[in-house]
1. What ranking do 524, 581, 338 get, fewest neighbouring Cβ atoms within 10 angstrom at the top?
2. Could you work out how far the C-alpha centroid of segment 389-407 sits from that of segment 536-554, in angstrom?
3. Based only on the alpha carbon positions, what is the Kirkwood hydrodynamic radius of segment 314-386, in angstrom?
4. Quote to one decimal, in nm, the extra length available between residue 18 and residue 490 on full extension: 0.36 nm per residue of separation minus the C-alpha distance between them.
5. Taking a ≥ b ≥ c as the square roots of the eigenvalues of the Cα gyration tensor of segment 444-531, is the shape rounded (a/c under 1.5), prolate (a/b larger than b/c) or oblate?
6. Quick one: which of 422-429, 168-175, 513-520 comes out on top by average Cβ neighbours within 10 Å, and what's the full order, highest first?
7. Give the distance, in whole Å, between the Cα centre of segment 201-237 and the Cα centre of segment 479-515.
8. Points 7 angstrom from Cα along the Cβ direction at residue 604 and residue 507: gap in nanometres?
């Protein structure tokens, strides 16, 4: 349900015969379905009827997935002798669907669409119907995705994706699944042969694909559930139609080509790939239509929101819209639009902590200025940009174990819902911090110099006596938080082979210092990882000599703790004795594998606000 622009408001000049909704029976899981009245010409007005049905009776119907576009509901839809106000985009979709129905009158089930089939002025009904959303879409015969009117490039985009999908099928290369096969496998060699077709795409096809994936529909969070749980889905743009499976095949192929086998010599296609918004949809759809378990709440949040565009005008929908994708770990999270957004996010975070999924704290809001909403520092905020947790790979596996074998204690609730009680082991107090890293993704050699030099200075400031090779080891490993992406997209810990990449970067920095202003940094997985992990972070040193990196908001005087049961240390800022704000997770060299927990640690109980 693409409720991305909020509930529609009645037109300012609503006539007296506005449609009056009859109450649905929640005990029967009732929904409303829209049917078209027959018309003899495409030029006749679209007229509709609404009927109540029970999901328990397994009615036959299609679901419409679309975006509201402009929020003005100034288009009139004739409905059972009255009218209802709808948006321009919905009216265009219904007109197009009725044309399809007229051409194929023998196979036209009813339609479910949120703005008409839910009484948007009845908050209790909205809550009940949104709770049913997964069932509504999963029981539909098919989901009809309306992208909007056809543009001059739509036909070429559809033709290109059709041809790619059919070629992949002809070569028996489907499905393309991550993790990808070994680069030397026969399957990969066949994919590489098929990849040559990407290079042959001309500029018109590239632009057509770019236009197709720039449609507003791709950026709305509700559509992920709508397509992911569907039995079948087709995409419509005016008269153009394409099965969602063909689009998904093209997207997965493009992702493989750009991730596992870089298309460095084709910036045009990389530009197209940057416009593809469907990757999360494809992942969710594949997951739900195999024997794999459904993803958990936190995994879904990560897949959909971290470094991806998934928009919702009502920020509460960033939680409500994905509940249908989940396994049973979201039990207790009820759709309630009367709740403040901060309470929705707080309750979702607390639910995960209660279920021992402390990784949620790696995504916590922390201390911020000018935030869109105010939440406790330990709470997830989906209105803000989310960063990738340290050491987490695409299999949702963390490479670190700072608390070792020590498990999270039994959760203890607090009277104040904004307070979280955690048990921690103190690591140290920050005494020095480096400069915040450059935020731009395209670093210059000077940015690498600053990052490496700060870590060297912080390590040298330590009162501990360390040999030069140990100092060097701390610096080059801390620069990438001791982990990086390998060539297959999986994360791994650094190893001595990465030291060569660091030395090559160090040599480039030395050349730059010696006056060679044309020096460029070498390309390597190590260098790429610095560009990924350093922005929004800075180096630090604790008073007891430990070196690491944390969020750029950390400062001297902040404390580093390990939360029992979590994989990484965290930086806290004391507000009053025993009460802290959480700033964010940290990498601390020498403390990421449970070494500080091997002796009997001193465990404290602190409160987070």
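Where a number appears in this text, it was derived from the coordinates with a stated rule and is not lab data. The shown structure was predicted, so the numbers you read here are calculated from the model rather than taken from an experiment. No Cβ is skipped: glycine too gets one built from the backbone with ideal geometry, and neighbour counts run over all protein chains shown.
1. If I rank by nearby Cβ atoms, fewest first, I get 338, 524, 581.
2. Measuring centre to centre over Cα atoms gives 19 Å.
3. Result for segment 314-386 stands at 12.6 Å.
4. 164.3 nm
5. oblate
6. Final packing ranking: 422-429, 168-175, 513-520.
7. 37
8. It works out to 4.7 nm between the two label points.
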